[in-house]
Ligand SMILES: [Zn+2]
């Protein structure tokens, strides 16, 4: 198992990057729509995609925060559903995974 302190700083870095990204998305979303109808429609479609990306980002931010809390309080690396080991391989790919492979699906 990797050093928890390493995982913690990795997660904190990722969290900061995600927060920055979600702020960028917010900036894009609050830009005034274009007067031209065609442009406005294209921009509205773009905003929908951005909102979806924003949702995913917010979800990931929540997961990362949860993982950080679990590093502090213990329980990191254990599935929140079944309590089994999430597994080093999965955590390597998804350090903030809160569920094991079978519970996440
Ligand atoms: Zn599980």
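Checked against the criteria, residue 58 does not count as modelled with pLDDT under 95, surrounded by 13 or more Cβ atoms within 10 Å (Cβ to Cβ), part of a helix (DSSP H, G or I) and within 15 Å of the ligand (Cβ to nearest atom). All of (1) within 14 Å of the ligand (Cβ to nearest atom); (2) surrounded by 14 or more Cβ atoms within 10 Å (Cβ to Cβ); (3) without any contact (Cβ under 8 Å) to a residue 40 or more places away in the chain hold for residue 102 with one exception: (2).
Being within 14 Å of the ligand (Cβ to nearest atom) and closer than 28 Å to residue 23 by Cα is the filter here; which residues of the range 77-99 pass it? Talk me through it step by step, then tell me what you get.
Start the filter on the range 77-99 by keeping residues that are within 14 Å of the ligand (Cβ to nearest atom), which leaves 77-87, 90-91, 94, 97-99.
If the condition is that a residue be within 14 Å of the ligand (Cβ to nearest atom) and closer than 28 Å to residue 23 by Cα, then 91, 94, 97, 98, 99 are the ones that fit.
Residue count for the range 61-105, restricted to those that are part of a helix (DSSP H, G or I) and in contact with a strand residue (DSSP E or B) (Cβ under 9 Å, 6 or more places away or on another chain): 1.
The values are calculated or read from the model by the stated rules, or taken from the named source; none is laboratory data. Computed from a predicted model, the values in this text were never measured in an experiment. Here Cβ is always computed from backbone atoms with ideal geometry, including for glycine, and neighbour counts include all displayed protein chains.
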